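Here's the structure, in structure tokens; my notes come after.
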Amino acid sequence: MVIDCLMLRDNIVESILGKTTQKRKSRIPAKLDFLQSATGLILSIFITLHLLFEASIIFGKDSMYAITKMFELDFFIEGGSPIFVSILAFIIFAIFILHALLAIRKFPRSYREYLRLRTHAELMRHSDTNLWIIQITTGFILLFLGSIHLYTMLTQPANIGPFASSDRVYSDMFWPLYLMLLISVVLHAGAGVYRLIIKWGWFDGKKPKENRLKNRKIVKIVTVIYLIIGLFSLITYIKIGYEHQNSYGERYKVTSK
Ligand code: HEM
């Protein structure tokens, strides 16, 4: 009788504990998934604005200078201070690292696993699996290139401006890095935003199938537009850097006022 009671108690405890650990097991990945989506969304919004602000160089050196000074909060402090750029870079770097750590959970664990995934995508002609492959490949590249760029911005915030940036791009040979970074980040953000739209069912409306196809087209078009804007900016920085190479290190001063 006593043994029966003890067994019954053990069964109850086990089933309760089992349920709670099951609950915990199922909740944590969901929370991590949400955090990954949230950090990805923040970074996508950041890069969308970043590429636009940075494209100010296309409209002239004065425009880019004005944007640089705005980020140094010159409307708040006389002359502005590069420390605010460092603070922003630190925050973005922290989100970037968190996003990468969360994403690493889903990386293929071996080259064999990666190949299996690619074969699967080729056999199935499954476009969403292809998108995922684009994301892990570009994400891996971003880990290195994004970190170099963010570290530069964090530690040399005063070296941003029409001449300082162009000198870095051309004379310091940062343009190959920026070209790869641009392609990777735009593809990564495009694929990521599309997958977020599908995953959370945003804009599904009453006709999810049709709307998903529409959303896919819109994301593709925006991705191409961003690639073109980024390329134009980069070419402009290269051109200014080339013309400025003999005065390397000289800082820009507003002339038209
Ligand atoms: C707060 C953090 C950041 C700051 C202050 C910043 C600032 C800048 C600046 C000033 C440039 C112009 C070139 C130069 O001066 O070297 C640039 C270029 C670029 N940045 Fe950032 N950046 C930041 C974060 C990021 C992140 C997180 C990414 C993507 C992972 C990124 C991607 C790029 C790309 C692709 C270019 C070249 C753009 C083009 O070709 O038009 N940046 N950034």
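Considering 90, 107, 96, which residue is near the ligand (Cβ under 10 Å from one of its atoms) and either buried (at least 17 other Cβ atoms within 10 Å of the Cβ) or not in a helix (DSSP H, G or I) (or both)? Break it down stepwise before answering.
Details: 90 fails: either buried (at least 17 other Cβ atoms within 10 Å of the Cβ) or not in a helix (DSSP H, G or I) (or both); 107 fails: near the ligand (Cβ under 10 Å from one of its atoms).
From the options 90, 107, 96, the qualifying one is 96.
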For this session: List the number of the failed condition for residue 81; all other conditions in (1) surrounded by 15 or more Cβ atoms within 10 Å (Cβ to Cβ); (2) polar (S, T, N, Q); (3) outside any loop (DSSP other than H, G, I, E, B) hold.
Result: (3)
Problem set entry | Count of the stretch 195-238 residues which are touching a residue at least 60 places away in the same chain (Cβ under 8 Å) and under 30 Å from residue 65 (Cα atoms) | 9
Exercise. Is it the case that some residue within the stretch 36-45 is part of a helix (DSSP H, G or I), modelled with pLDDT under 95 and of a type in the set (A, V, I, L, M)?
Worked result: no
Exercise. Can you find even one residue in the stretch 191-213 that is out of contact with any Lys or Arg (no Cβ under 9 Å at 6 or more places or on another chain), within 11 Å of the ligand (Cβ to nearest atom), among the small types (Gly, Ala, Ser) and in a helix (DSSP H, G or I)?
Worked result: no
For this session: Go through (1) more than 22 Å from residue 63 (Cβ to Cβ); (2) surrounded by 18 or more Cβ atoms within 10 Å (Cβ to Cβ) and name the single condition residue 234 misses.
Result: (1)
For this session: Any residue in the stretch 38-53 that's more than 13 Å from residue 226 (Cβ to Cβ) and of a type in the set (Phe, Trp, Tyr): show its pairings with residues that are away from the ligand (no atom under 11 Å from the Cβ) and outside any helix (DSSP H, G or I) at Cβ separation under 9 Å, as long as the two are six or more apart or on different chains.
Result: none
Exercise. Looking at residue 152, is it surrounded by fewer than 18 Cβ atoms within 10 Å (Cβ to Cβ), among the polar types (S, T, N, Q) and more than 30 Å from residue 237 (Cα to Cα)?
Worked result: no
Problem set entry | Out of 56, 110, sole residue that is among the polar types (S, T, N, Q), out of contact with any Pro (no Cβ under 9 Å at 6 or more places or on another chain) and farther than 25 Å from residue 143 by Cβ | 56
For this session: Look at the stretch 148-181 and say how many of its residues are free of Cβ contacts under 8 Å to residues at least 60 places away in the same chain, of a type outside the set (Phe, Trp, Tyr) and within 20 Å of residue 227 (Cβ to Cβ).
Result: 6
Exercise. When you scan the stretch 165-179, how many residues do you find that are more than 7 Å from the ligand (Cβ to nearest atom), surrounded by 20 or more Cβ atoms within 10 Å (Cβ to Cβ) and either more than 21 Å from residue 71 (Cβ to Cβ) or among the aliphatic types (A, V, I, L, M) (or both)?
Worked result: 1
For this session: Take the residues in the stretch 58-71 that are in contact (Cβ under 8 Å) with a residue 40 or more places away in the chain, more than 8 Å from the ligand (Cβ to nearest atom) and closer than 21 Å to residue 250 by Cβ, then tell me which one is surrounded by the fewest Cβ atoms within 10 Å (Cβ to Cβ).
Result: 62
For this session: Give the residues of the stretch 50-75 that are in contact with a Lys or Arg (Cβ under 9 Å, 6 or more places away or on another chain) and either hydroxyl-bearing (Ser, Thr, Tyr) or in a helix (DSSP H, G or I) (or both), sorted by residue number.
Result: 62, 65
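The values are calculated or read from the model by the stated rules, or taken from the named source; none is laboratory data. A quick note: this is a predicted structure, and the numbers were derived from the prediction, not measured. Because the Cβ atoms are built from the backbone with ideal geometry, glycine has one as well, and the counts that use them run over all protein chains shown.
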